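The values are calculated or read from the model by the stated rules, or taken from the named source; none is laboratory data. None of these values were measured; they are calculated from a predicted model. Here the Cβ positions follow ideal geometry from the backbone for every residue, glycine too, while neighbour counts run over all protein chains shown. Calculation scope for accessible area: heavy atoms of the full protein, side chains included, ligands and nucleic acids excluded. Shrake-Rupley method; radii C 1.70, N 1.55, O 1.52, S 1.80 Å.
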Amino acid sequence: MPAAKVNSDEPLDNKDAKWIRLKKIHYTDQDGKHRLWECAERTTRKESGIDGVAVLAVLRSKTKAFPLSTVIIEQYRPPLDNIVIELPAGLIDAGETAEAAAIRELKEETGYEADMTTEPESSPIVFSDPGMTNANMKLVVLSVLLEDKLETPVPHLDDGEHIITRVVELDQLDAELKAYDKKGFAVDARLSHFAAGYAMAKRLSSGTFL
């Protein structure tokens, strides 16, 4: 399969945009001065008020056949003209909760099914780039409990989706992302921040931070 690539780009007028729009904001700052701000926003936000979800799947074995792990994906993103390493993620459909969207997206993008005996854990609504956009999301933690050895189920991808899944030990996640960066891949900030925080917590708990 040939590699994806950007062939050209051009300015986009709001009237021609399907997924996003640009907006000029008039606001008054703390000094009483009138100012302008340019931002982008999604056109797809539904009644929940939440644009999308990212999924942190914690993979475990009933027999402890493999260490605590998570699943990450490799996906080409045209704005970067590069393959991005990120968590499974997606937009929330109409009438759907963040948790239901996370369970659906995990199965569609990775093939893994959430353990429904464990309650999903959701973050508050968070914002990735508030200086540029009001787009928001929730991080949903899902448990994936396997009977024994690690399994690699078949994803259920939509037409046009080209995703590679990888299972990574949580203890090795930060190092894996740094290795991806050295190879020229782009790493999603949210995934990078989680991995760095996880590694920092381990160093602090073991007394090796300083």
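Assorted remarks:
- Number of positions in the range 21-53 that are surrounded by 10 or more Cβ atoms within 10 Å (Cβ to Cβ) and either free of Cβ contacts under 8 Å to residues at least 60 places away in the same chain or assigned to a loop (DSSP other than H, G, I, E, B) (or both): 13
- Positions within the range 68-81 being assigned to a strand (DSSP E or B) and farther than 26 Å from Arg45 by Cα, in sequence order: Ser69, Thr70, Val71
- Considering the range 157-210, the residues that are over 28 Å from Asp81 (Cα atoms) and small (Gly, Ala, Ser) include one that is surrounded by the most Cβ atoms within 10 Å (Cβ to Cβ), namely Ala199.
- Single match in Ala65, Ala94, Ala98 (criterion: among the small types (Gly, Ala, Ser), open to solvent by 60 Å² or more (accessible area, probe 1.4 Å) and either in contact (Cβ under 8 Å) with a residue 40 or more places away in the chain or under 23 Å from Lys46 (Cβ atoms) (or both)): Ala94
- Residue list for the range 31-73, restricted to those being acidic (Asp, Glu) and in contact with a Lys or Arg (Cβ under 7 Å, 6 or more places away or on another chain): Glu38, Glu41, Asp51
- The residues of the range 106-128 that are modelled with pLDDT under 95 and within 17 Å of Ser192 (Cα to Cα) amount to a single one, Ser128.
- Among the residues making up the range 117-149, those that are aliphatic (A, V, I, L, M) and either free of Cβ contacts under 8 Å to residues at least 12 places away in the same chain or open to solvent by less than 80 Å² (accessible area, probe 1.4 Å) (or both) are Ile125, Val126, Ala135, Met137, Leu139, Val140, Val141, Leu142, Val144, Leu145, Leu146.
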